[in-house]
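Data block below; observations after.
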Amino acid sequence: MVSRWRQQSDRVALVPTMGALHEGHLSLIRQVREHAGRVVVSIFLNPTQFGPGEDYESYPRTLAQDVELCRREGVSLVFAPDAKEMYGTGKGDYSGYISFRISRMTDHLCGASRSGHFEGVLQVVNKLFNTVQPDVAVFGQKDIQQWFLIRQMAAETDQPVEILMGPTRRESDGLAMSSRNIYLNEEDRKKAPMLYASLQRISAVLAEKAGHDDQRPVSVNASLLEAEYSILRENGMNLDYLTVVSTPDLQPADVIIPGRLYVVAVAAWLGGTRLIDNVLLNTNAG
Ligand code: AMP
């Protein structure tokens, strides 16, 4: 079907998801529709990107509703394979013989605490790119490390696909939309927007300093991060990381060099739920 579209000169877009679609996913579909005549949404809960003890079993599965949402958004094709179709084995061992070894870009952020996660992500996205052969694919800024890794993989493996970034969609109180937000109890749900508030305060301070005319590098004071750490910790959050990293290498940044792009990123446990969020720190100078 996709090759027929291509013969008709339709550009093909791919929006990879794990299902349980929310407004964040739908915004990616709407964004990519501007770049392609045909939009393919994949819905695949990929077992290889979940570690032992993570929420693969309990992850929300809402396929019928997801398909209906895609239909309403004018999606041309929903690709929802099962693990056997994707990996050609029903045995539960999908690791295969070939896997992506990723250097440096997974040393920090989620790569540091979710061993094997990004190998699983790249494994499945690589297969999706080869299967669908999209001209363009979109991934959310919400999963910023994933975004940079996928762009890197596409470049290094010469995949002729343009990688777009979709801005993070948020609830009215600032919480980044996520399929995992439904795990939060009432109390944690009320606290969750504090993550975004902390990110905004950090980026505001750094952007202000980096915006000065002298164009000098600005140091990322440990005390700036520690103050926000304390606020979040006092509110019962168990922080995995709260950090500033440079792009595209995703290394911790001690200084901000005006004109370069940085990410202020956080991951925290609220009860049994791990939430992530980030803001881009585009110093816009230079
Ligand atoms: P997932 O189903 O969680 O794997 O997400 C599928 C795609 O949607 C990924 O590219 C995510 O980065 C993106 N995404 C998830 N949450 C949001 C959000 N709140 N706003 C925009 N994109 C999102």
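Can you sort ILE202, ILE98 by how many other beta carbons sit within 10 Å, fewest first?
Fewest-to-most ranking of ILE202, ILE98: ILE98, ILE202.
Would you work out which of SER179, SER246, ALA207 lies farthest towards the positive end of the dipole of region 179-282? Charges go on Cβ: Lys and Arg +1, Asp and Glu -1.
Result: SER179, furthest along the dipole toward the positive end.
Local charge sum around GLU226 (other residues, Cβ-Cβ under 15 Å, Lys/Arg +1, Asp/Glu -1)?
After counting each charged neighbour, the total is -1.
Which lysines have a Cα less than 24 Å from the Cα of LYS84, not counting those fewer than 8 places away in the same chain?
Filter leaves LYS127.
Can you bin the chain into rounded, prolate or oblate? Criterion: square roots of the alpha carbon gyration tensor eigenvalues sorted a ≥ b ≥ c, rounded for a/c under 1.5, prolate for a/b above b/c, oblate for the rest.
In terms of gyration-tensor shape, prolate.
So if I take the centroid of the Cα atoms in region 194-210 and the same for region 162-189, what is the distance between those two points in Å?
19
Looking at GLY111, GLY37, PRO47, which one has the Cα that reaches farthest to the positive end of the dipole of region 2-166 (charges on Cβ: Lys, Arg +1; Asp, Glu -1)?
Result: GLY37, furthest along the dipole toward the positive end.
If neighbour count is taken as other Cβ atoms inside 10 Å, put TYR183, TYR59, TYR97 in order from fewest to most.
TYR97, TYR59, TYR183
Could you compute the longest span of the chain free of GluC sites (Glu not before Pro) located in DSSP loops and having at most 14 other Cβ atoms within 10 Å, not counting the site residues?
The segment 58-286 is the longest one with no such site.
Under unit Cβ charges (Lys, Arg +1; Asp, Glu -1), what dipole magnitude, rounded to 20 debye, does the chain have relative to its Cα centre?
600
Mean separation of Cα pairs under 8 Å and 6+ residues apart, divided by the residue count of region 133-200: what relative contact order is that in percent?
Answer for region 133-200 is 30 percent.
With +1 on each Lys and Arg Cβ and -1 on each Asp and Glu Cβ, how big is the dipole of region 2-166 about its Cα centre, in debye rounded to the nearest 20?
Taking the Cα centre of region 2-166 as origin, the dipole is about 320 debye.
Determine ³J(HN,Hα), in whole Hz, for all residues of region 190-201 in sequence, where each value follows from phi through the Karplus function 6.51 cos²θ - 1.76 cosθ + 1.60 and θ = phi - 60°; x replaces Gly and Pro.
Each residue's phi maps through the Karplus curve to give 5, 7, 3, x, 4, 4, 5, 4, 4, 4, 5, 5 Hz.
For TRP147, TRP269, TRP5, which order do you get if you count the other beta carbons within 10 Å of each Cβ and list the fewest first?
Neighbour counts put them in this order, fewest first: TRP269, TRP5, TRP147.
Can you give the relative contact order of the chain as a percent, counting alpha carbon pairs under 8 Å and 6+ residues apart?
Value for the chain: 17 percent.
Here, each number is a calculation from the coordinates, and none is a lab measurement. Note that the coordinates shown come from a computational prediction; the quantities given were computed from them, not determined experimentally. In this analysis, Cβ positions are derived from the backbone assuming ideal geometry, glycine residues included, and neighbour counts consider all displayed protein chains.
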